[in-house]
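Worksheet: the structure to be examined is printed underneath.
The values are calculated or read from the model by the stated rules, or taken from the named source; none is laboratory data. All values derive from a computational prediction rather than experimental measurement. When we count neighbours, we look across all protein chains shown, and the Cβ atoms used for this are built from the backbone with ideal geometry, even at glycine.
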Amino acid sequence: MNDMTTETFSFDDVSEAKIPGIIAKYPAGRQASAVMPLLDLVQRQMARLTDHAWVPRAAMDVVADRLAMPRMRVYEVATFYTMFHLKPVQKFHLQVCTTTPCWLRGSDAVLDACRHAVATHGDMFSMEELECVGACVNAPVLVINDDYYEDLDGARTEALLEAFRRGDAPKPGSTIGRQNSAPEGGRTTLFADVTKHDTGADS
Amino acid sequence: MPKVTVDGIELEVPNGFTVLQAAEAAGKEIPRFCYHDRLSIAGNCRMCLVEIEKMPKPVASCGQPVGEGMVIFTDTEKVRQSRRNVMEFLLINHPLDCPICDQGGECDLQDEAVGYGRDHTRYHENKRAVTDKNFGPLVKTVMTRCIQCTRCVRFLSEVAGVPELGATSRGETMEITNYVERGLTSELSGNIIDLCPVGALTAKPYAFVARTWELRKTDSIDVFDAVGTNIRIDARGSEVLRVLPRINDAVNEEWLADKSRFAIDGLKRKRLDRPWIRQNGKLQPATWDAALSAVVARLNGAEPGRIGAIAGNLCDAESMMALKDLLVGLGSPNFDCRQDGAVLDAGNRALYLFNTTIEGIDEADAVLFVGVDPRREAPVLNARIRRRWVENTGFVAGLIGPYADITYGCTHLGEDGAALRALLDPAHEFTVKLAAAKKPLVIIGQQALARPDGAAVFAACWQIAEAAGALTADWQGFNVLHNAAARVGGLDLGFVPADGGKDVAGMVAGGVDVLWLLGADEIDMAALPPDVFVIYQGHHGDRGAARADIILPGAAYTEKPGTYVNTEGRMQLAQRAIFPPGEAREDWTILRAVSALVSKPLPYDDIEALRQRMGEANPVFASPDTVRRIAPQVGLTPKGDSGQLSDAKFTAAFATYYQTDPISRASPTMAKCVTDILPPAMPAPVQQAAE
């Protein structure tokens, strides 16, 4: 099977099962459009099988050959997007948003907590800084693998990472219990009973 | 036809013209780095900004189509200021190493910076440094100089058909790379050196060798394949330092194959710079007098019918004319220029030329290759066919021969004679496609004709062409693709056995006592009986010289004025760039001297008279650089019988593209290409789906 040292890559049965569906989304002759989903599939397969989500070059070649496109074109796509990891990352890849809204709301503390985790448990955590991940309302935000953890501060980040280290699966989303992007402490508007509002549609 | 006004000049331009093209048509020069008229439009350098009336901002003229009534300004203060700003951005990360840059003196960026550059920089941050890449033994990279115009990327994907370069990452970390750090596998890779507007891609063998203003530039013709690529030879003193393509839209456009560009270092090695005579089994240096008298003694002593001559692949027509006249004067009918033994009928030009002409390829919509690897035997010509495939979605290509990735979708129809015979069946899938095409090409290679059943192969191809409608009054689609620069010239001069004469095979098998090899190195020297007296006239100590009893040192193609006829029958003149080394002489003068010594003096004393003689031998030699498209003659049928076709496999013309002749075999650069350029990393091309 694939591990971090192999020079070869092949899709396993789980991935293979998904490929026809992905390619079928694109018009005939335009199958090269499936390059990004397939690279994502590679990264997920690597995560599943080796705990390290990344895209080895051998896998890019496999994707290129599968989609009958020049290998160079796949390298271009894979290097363009930072979401494709070209080197192995650890099981929990911490992506800290440090763009202005998160930074104003205290991303420095989150960053420190993550740095500490990587320094002490580098075999479990790896990290990178991201530009805005689009969740400014719940800043500061930490993305761990596929999930957003929001409204963090230093202590909550440390607790969160400790939970991951123990093997728990903390619930994604706000860490202060707010619902989605609703205001902290509950709603502040729309108290009236909107169900009685006459829309005029039935009359 | 929209009417536009460029700087006050009103003109009408064709539909689909860009603003840049319109400005050029009006005689206005627009600076550009990424735009190239033979590549797709990228629009990423922004240097070609112009002002257009009613448009709020300056517009990149290369990508802007013209509109009716457009008023274009190419030289306003706003335009100049915009270009200065673009230049400032381009120079932010460009190193100031022009004094040690090989592009210096012929650099687009340098030239434009004179007009649009600032005299100082406002940028105080560190410049970006980029790691150099490994593009193989031919192309040197200094990637920090790259301004990311992507011409090289576009050339390799679009023209060369080997998409091995790309731009990885983005923003400030964007790099042009092949990612895998392996040499480029294209036979046209040298062209990206010419295309690069800065010094990021330069010629590796030419690194730090010379400055462009030191070089003497001579127009010449390439001899490494039969395309007749127009070249410019750059020399300094007695050395050829580089070869560049000249633009000739009818032949090579502006491309040049790698072997033609880089094999020139072979011109300085293994040269024959003095006569040699074999004494007691060993070659000893000799004087011209001694060598010529030995030759004369041998020729006088031989029975005329037992003297033979074979002309090689790189010969100029002048020397072949002189050699033929000498042989005829001596009374010998044994001369042949078809070193590979290809069965070619010199009696009718339509039977040995690329009849469609190279320009005619631009009309074709289907092609069948028989026993030819166009990518390696004629890379520039193959790029032209490839363009048809790119432009024309219905283009059908098929190949019979050893499988070769020819850089575009091509159905491999088989490797042997049986596959060819199958095409004679009108119901064969590919034959149907070929017949459905309006202007099909049938291209037959030398290896297909050099077989014992070459005449049958020829006849079969002729039949297929006829059935496909390639031999009608307005479309001649039957083509012989040569791979030797001298061949068509030799056939035009009738350098084929006269009545009762022996051909190459006959001569090699011992049909002659004295054999004159004019640069002929590709025959089987081991098969020559040991008692055959071999006179080798040529420029390199290669196979022929190793077997020779007397060596007469001649001139290479750069060292003599010469006439070459390319595969489509275009006669072109090459000039002398440098003089032959040492005591070597122009080849026809050697033959003229011998003729006088055997008392059969040739009737010409200078090259003009010799060329006049050639013009009398064949009017082709009286009209340089013209090509006539020959309409198929009614009732013309080749001599062979397609029924005699054997099942033998077609073979490849060369073991490797990079070493095919005495010059390239002597070239260290070509030797490096053989070892360093690995088999292509690309998978086999996607076969065209059978409809």
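In table form, for the structure just shown:
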{"item": "Hits in segment B:484-521 (condition: charged (D, E, K, R), surrounded by fewer than 21 Cβ atoms within 10 Å (Cβ to Cβ) and farther than 23 Å from B:GLY615 by Cα)", "result": "B:ASP503, B:ASP513"}
{"item": "Segment B:118-156: number of residues that are free of Cβ contacts under 8 Å to residues at least 60 places away in the same chain, outside any loop (DSSP other than H, G, I, E, B) and over 14 Å from B:LEU90 (Cβ atoms)", "result": "4"}
{"item": "Segment A:114-148, subset in contact with a helix residue (DSSP H, G or I) (Cβ under 6 Å, 6 or more places away or on another chain) and either in a strand (DSSP E or B) or hydroxyl-bearing (Ser, Thr, Tyr) (or both), residue surrounded by the fewest Cβ atoms within 10 Å (Cβ to Cβ)", "result": "A:MET127"}
{"item": "Single residue of A:THR8, A:THR82 found to be assigned to a loop (DSSP other than H, G, I, E, B), within 23 Å of the chain's Cα centre (by Cα), among the hydroxyl-bearing types (Ser, Thr, Tyr) and at negative phi", "result": "A:THR82"}
{"item": "Checking B:ALA655 against (1) small (Gly, Ala, Ser); (2) over 23 Å from B:ALA263 (Cβ atoms); (3) without any contact (Cβ under 8 Å) to a residue 12 or more places away in the chain, the condition it does not meet", "result": "(2)"}
{"item": "Qualifying positions in segment B:450-467 - hydrophobic (A, V, I, L, M, F, W, C) and closer than 23 Å to B:ALA366 by Cβ", "result": "B:VAL457, B:PHE458, B:ALA459, B:ALA460, B:CYS461, B:TRP462, B:ILE464, B:ALA465, B:ALA467"}
{"item": "Enumeration of residues in segment B:230-256 that are in contact with a helix residue (DSSP H, G or I) (Cβ under 6 Å, 6 or more places away or on another chain) and assigned to a loop (DSSP other than H, G, I, E, B)", "result": "B:ALA250, B:ASN252, B:TRP255"}
{"item": "Enumerated strands (runs of 3 or more DSSP E) restricted to segment B:268-347, each holding at least 2 residues that are in contact with a Lys or Arg (Cβ under 9 Å, 6 or more places away or on another chain) and not charged (D, E, K, R)", "result": "B:282-285, B:307-311, B:334-336"}
{"item": "Residues located in segment B:544-555, provided they are assigned to a helix (DSSP H, G or I) and either crowded, with 23+ Cβ neighbours inside 10 Å or in contact (Cβ under 8 Å) with a residue 40 or more places away in the chain (or both)", "result": "B:GLY544, B:ALA545"}
{"item": "Residue match in segment A:45-57 (condition: buried (at least 16 other Cβ atoms within 10 Å of the Cβ), modelled with pLDDT under 95 and facing chain B (nearest Cβ under 9 Å))", "result": "yes"}
{"item": "Total residues in segment B:216-229, condition assigned to a loop (DSSP other than H, G, I, E, B) and among the hydroxyl-bearing types (Ser, Thr, Tyr)", "result": "1"}
{"item": "Lone unmet requirement of (1) of a type outside the set (Ser, Thr, Tyr); (2) over 34 Å from the mean Cα position of the chain (by Cα); (3) farther than 24 Å from B:VAL198 by Cα for B:GLN81", "result": "(3)"}
{"item": "Qualifying residues in segment B:616-646 (those that are touching a residue at least 24 places away in the same chain (Cβ under 8 Å) and among the charged types (D, E, K, R)) - the one farthest from B:ALA250 (Cα to Cα)", "result": "B:ASP641"}
{"item": "Candidates A:SER33, A:SER15 - the one that is of a type in the set (Ser, Thr, Tyr), part of a helix (DSSP H, G or I), more than 14 Å from chain B (Cβ to nearest Cβ) and under 19 Å from B:PRO163 (Cβ atoms)", "result": "A:SER33"}
{"item": "Any chance A:VAL77 is assigned to a helix (DSSP H, G or I), surrounded by 17 or more Cβ atoms within 10 Å (Cβ to Cβ) and within 13 Å of another protein chain (Cβ to nearest Cβ)", "result": "yes"}
{"item": "Lone qualifier among B:ASP97, B:ASP108, B:ASP102 - being within 21 Å of B:ARG151 (Cβ to Cβ) and either aromatic (Phe, Trp, Tyr) or buried (at least 19 other Cβ atoms within 10 Å of the Cβ) (or both)", "result": "B:ASP102"}
{"item": "Residues of segment B:157-215 classified as of a type in the set (S, T, N, Q), touching a strand residue (DSSP E or B) at 6+ places or on another chain (Cβ under 7 Å) and either within 14 Å of chain A (Cβ to nearest Cβ) or not in a strand (DSSP E or B) (or both), total", "result": "4"}
{"item": "Candidates B:SER220, B:SER189 - the one that is among the small types (Gly, Ala, Ser) and out of contact with any Ser or Thr (no Cβ under 8 Å at 6 or more places or on another chain)", "result": "B:SER189"}
{"item": "Conditions (1) buried (at least 17 other Cβ atoms within 10 Å of the Cβ); (2) within 14 Å of another protein chain (Cβ to nearest Cβ); number of the one not met by A:LEU86", "result": "(1)"}
{"item": "Every residue from segment B:120-175 that is crowded, with 19+ Cβ neighbours inside 10 Å, closer than 21 Å to A:TYR81 by Cα and hydroxyl-bearing (Ser, Thr, Tyr)", "result": "B:THR150, B:THR168"}
{"item": "Every residue from segment A:61-74 that is facing chain B (nearest Cβ under 7 Å) and under 24 Å from the mean Cα position of the chain (by Cα)", "result": "A:ARG73"}
{"item": "Of all residues in segment A:169-200 being modelled with pLDDT of 85 or more and outside any loop (DSSP other than H, G, I, E, B), the one that is surrounded by the most Cβ atoms within 10 Å (Cβ to Cβ)", "result": "A:SER174"}
